[in-house]
1. Taking the condition modelled with pLDDT of 95 or more and assigned to a strand (DSSP E or B), does residue 135 pass?
2. So residue 52 ticks every box in (1) closer than 26 Å to residue 118 by Cα; (2) without any contact (Cβ under 8 Å) to a residue 60 or more places away in the chain but one. Which box is left unticked?
3. Any chance region 106-118 includes a residue that's in a loop (DSSP other than H, G, I, E, B), touching a strand residue (DSSP E or B) at 6+ places or on another chain (Cβ under 7 Å), surrounded by fewer than 16 Cβ atoms within 10 Å (Cβ to Cβ) and assigned by TED's automatic domain parsing to the domain that holds residue 207?
4. Restricting to region 152-173, give me the number of residues that are part of a loop (DSSP other than H, G, I, E, B), at negative phi and surrounded by fewer than 17 Cβ atoms within 10 Å (Cβ to Cβ).
5. From the list 200, 149, pick out the single residue that is closer than 22 Å to residue 81 by Cβ and not in a loop (DSSP other than H, G, I, E, B).
6. Working only within region 17-71, note down all residues that are in a loop (DSSP other than H, G, I, E, B), surrounded by 12 or more Cβ atoms within 10 Å (Cβ to Cβ) and touching a helix residue (DSSP H, G or I) at 6+ places or on another chain (Cβ under 9 Å).
7. When you check residue 137 against the structure, is it touching a residue at least 12 places away in the same chain (Cβ under 8 Å), crowded, with 23+ Cβ neighbours inside 10 Å and assigned by TED's automatic domain parsing to the domain that holds residue 181, yes or no?
8. Quick check: anything in region 141-158 over 17 Å from the mean Cα position of the chain (by Cα) and at pLDDT 95 or above?
């Protein structure tokens with residue numbers, strides 16, 4: 001959030017350490033130990049001009065919330081809508097206005113009977129989902145879109161770190177939907193989604209059950225990390241079916 005505010009010129013009168021303490025206080029006041037935390041920085045006074053606010057307010061809410069995308073592997077579809085051009089807006093900043101693009105893409109995909117959308121960038125490369133980053137695995141290695149046309153989510157970065165710690169190669173590179181042919185599996189990551197398997201992208205069906213993929217191993221490791229439990233062992237190979 002600090003990075004996003006700095007990127008768009010929104011003043012943030014709190015340090016990261018202060019925001020962390022506010023988060024803990026809010027959880028304690030609400031008696032929550034497992035919750036979703038949503039901070040929001042907004043303009044302190046009405047601003048009808050085309051310039052950034054000179055001061056801001058902080059709103060922070062917490063509530064119990066299950067996995068945003070559920071527990072079942074998702075059927076994705078390539079969206080007819082693209083992620084915004086990073087030369088038009090700072091796409092790596094987490095800004096409320098970006099969610100308009102996400103809502104439109106997600107609504108269109110669900111209207112066609114899919115679970116969620118997968119958006120491309122302006123060059124036809126796979127970018128991310130409306131509210132989650134996308135990974136696929138092939139030959140025991142992971143692939144995900146690089147910085148540029150995506151929001152580099154905290155969960156995404158954590159999964160990359162966990163994979164590399166386990167000796168799993170992670171490629172952050174541009175790829176088209178054609179690269180998904182022959183992939184072993186795929187998954188999405190996000191604060192609300194956590195780590196959720198993907199069963200198919202349009203006509204590409206991933207035959208390996210998600211529970212037997214690298215993504216599932218990383219999902220278990222991620223859960224162990226965020227809950228403070230003992231981390232299960234990881235390997236760079238998928239578990240035999």
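1. On the way: modelled with pLDDT of 95 or more: yes; assigned to a strand (DSSP E or B): yes.
The answer is yes for residue 135.
2. That leaves (1) as the condition not met.
3. yes
4. Of region 152-173, the ones part of a loop (DSSP other than H, G, I, E, B) are 152-153, 166-169, 173.
Filter once more, keeping what is at negative phi: 152-153, 166, 168-169, 173.
Those left that are additionally surrounded by fewer than 17 Cβ atoms within 10 Å (Cβ to Cβ): 166, 169, 173.
Of the residues in region 152-173, 3 are part of a loop (DSSP other than H, G, I, E, B), at negative phi and surrounded by fewer than 17 Cβ atoms within 10 Å (Cβ to Cβ).
5. 200 is the lone residue from the list that is closer than 22 Å to residue 81 by Cβ and not in a loop (DSSP other than H, G, I, E, B).
6. Answer for region 17-71, where residues must be in a loop (DSSP other than H, G, I, E, B), surrounded by 12 or more Cβ atoms within 10 Å (Cβ to Cβ) and touching a helix residue (DSSP H, G or I) at 6+ places or on another chain (Cβ under 9 Å): 32, 35, 52.
7. Values: touching a residue at least 12 places away in the same chain (Cβ under 8 Å): yes; crowded, with 23+ Cβ neighbours inside 10 Å: yes; assigned by TED's automatic domain parsing to the domain that holds residue 181: yes.
Considered against the rule, which asks whether it is touching a residue at least 12 places away in the same chain (Cβ under 8 Å), crowded, with 23+ Cβ neighbours inside 10 Å and assigned by TED's automatic domain parsing to the domain that holds residue 181, residue 137 comes out as yes.
8. yes
The values are calculated or read from the model by the stated rules, or taken from the named source; none is laboratory data. Just so it is clear, the structure is predicted and the values come from calculations on it, not from any experiment. Every residue, glycine as well, gets a Cβ built from its backbone with ideal geometry; the counts of neighbours run over all protein chains shown.
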